[in-house]
Amino acid sequence: MYLYDLHFAGACLEIVEFQRSQLSSLSPCPFYLKFGSKSVQKGRALVSGTFPYACQRPKQYTASKKPGEYPQNMDLPPVLPKKKKKPYPIPFKEIQKAARKDKKLAERGVEKPLQPPKNGLLVPELIPVAYEVLDAWKLLIKGLAQLLHVIPVYGCRYLYYSFSSDVSIVLFCALHVLNGVGIFKYSFILVLRSECSEVHVAHSGHNIQDCKGPRSSKRRGLHSWVKGSINDILIPIESYHLYDPFGRRIKHETRFDYDRIPAVVELCIQAGVDIPEYPSRRRTNPIRMIGKKIIDRGGYVEEPKPWRAVDPSSSSIIDLDTCGACERFPPPSPEDVPIIAQETMNAHETVQTGVTKLMKKYMVKACGYCSEVHVGPWGHNAKLCGEFKHQWRDGKHGWQDATVSEVFPPNYVWHVQDPKGPPMRSALKRYYGKAPAVVELCMQAGAQVPRRYKPMMRLDIIVPESEEASLVA
């Protein structure tokens, strides 16, 4: 304990007491002053009075953030550069540490300890979760298809002319698109291609100049808006369906022998969901591995033929895909729109929560350069990557552990406070918030927004007028 005399102009605090055990510069606890009455021997005189004490608040009494609370505002999601590999979801040092541990076990001839589902067996407690996710996935597609008849959605695309010698294709496009264009030996057709990935949910497109498409410079960064579809709201992330995820790997030459289905559906199938059109091998004995080599997989089993021989229109799997969803479901009545919006919002949260639970156990791989996803212990060998430096890899994907946003992407869009108001402008861009496209669509249809999306939507910020924006600090 130390005693010091402190003298100030016009006041004398006499003595301040410091305690070594409390005053620590390494402690995160804040300092505070405490006043108390005390008698101190100062020379031959006994001085009594009120003295301040410099103390630190103990750690157990610090004000902590309550669980479940969210900040007032959050930064918008960052845009990852395309000319750079995605960051690893698991630190690279931990990956190296696990690899060295497996290598030491393999050098000693010790089998690698595997727990379900890494040994090929199912996790019983996750089977109900997989069925719940699949049911919510069907309800999500149905709800979005119905809401798109009521809430307008726009996507950034551009039209270009393409020359073709196929008379049937040109005739079809002439009748449906060009309304009677003459057909010659080499005729042109009008093709609609995606300019960028921007999507806007409102009665008109915004005027924010942030288009990064190949022809955006001609429009000074403005988007080329056309009517959107369900694939603009729910991005179709597909994966190869495997009868045996631990069997033979998919080669580039055999890639057409496998069906492409939504990655969420494939994850549910490998987690225990039984779909007759997409059978999966259910093991009763675990596989055995030494290092990276499988020493016992139970033998190879002949895979059944793909379901493509069955009429897809009469199959039950038509509800699992977004293709033609808007044509399958009619527009809802005005009084049913808020109910459908809330059910769709709940289905979206169920799918996201369930996919997060399944991916904590079941292995999913994603390419570090493109959007390709593969559900299984290792990726496929199809040479389909065309992103950054794909020539160096001969078109092969750079597989790494996938994240939930890669399997079930949120697809953030600008939050519109007044969908029927004036379009958003670049000058007021910093006052706007963002939300997943499904959340924004359901909110405009009358659904309640979950609390975790509100900080990024910036609901408490009042957007000023253009002439007032320069006066805002």
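Each label was represented as a point 7 Å from its Cα along the Cα-to-Cβ direction; for residue 339 and residue 378 these points are 5.2 nm apart. When a/c is below 1.5 the answer is rounded, else prolate if a/b is larger than b/c, else oblate, so apply that to segment 227-273 with a ≥ b ≥ c taken from the square roots of the Cα gyration tensor eigenvalues. Taking the square roots of the gyration eigenvalues as a ≥ b ≥ c, segment 227-273 is oblate.
Here residue 138 is the anchor, and the aspartates and glutamates within straight C-alpha reach of less than 18 Å, apart from those fewer than 8 places off in the same chain, are 232, 238, 266, 274, 277, 319, 321, 327, 343, 349.
Among 137, 392, 399, the order by Cβ neighbours within 10 angstrom, fewest to most, reads 392, 399, 137. The Rg/Rh ratio of segment 250-398, with Rg taken over Cα atoms and Rh as the Kirkwood radius over Cα pairs, comes to 1.02. Loop-located GluC sites (Glu not before Pro) across segment 362-459 with a Cβ neighbour count of 11 or fewer within 10 Å are lacking, with loop assigned by DSSP. Ignoring lysines fewer than eight residues from residue 434 along the same chain, the ones with Cα atoms less than 16 angstrom from its Cα are 454. Paramagnetic label reach from residue 197 (point 7 Å along Cα→Cβ; backbone nitrogen cut-off under 19 Å): within segment 375-393, residues 375, 384-390.
Under a Cβ-Cβ cut-off of 13 Å, what is the net charge of the residues other than residue 456 that fall near it, where Lys and Arg count +1 and Asp and Glu count -1? Charge balance near residue 456 sits at +2. Counting 0.36 nm for each residue step from residue 84 to residue 102 and taking away their Cα separation leaves a gain of 3.5 nm.
By definition, a body whose alpha carbon gyration tensor gives a ≥ b ≥ c is prolate when a/c is 1.5 or more and a/b is larger than b/c, and segment 383-473 fits this prolate description.
For a paramagnetic label modelled at 7 Å from the Cα of residue 392 toward its Cβ, which residues of segment 77-94 fall within the zone defined by backbone nitrogen distances under 18 Å? Flagged as within label range: 81-88.
Applying 1/(1 + (r/R0)^6) with R0 = 60 Å to the Cβ-Cβ distance of residue 125 and residue 215 gives a FRET efficiency near 0.70.
Read-outs: derived from the displayed coordinates by stated rules, not from any lab. Everything quoted here is computed from the prediction, not taken from an experiment. We place every Cβ from the backbone using ideal geometry, glycine too, and count neighbours over all the protein chains shown.
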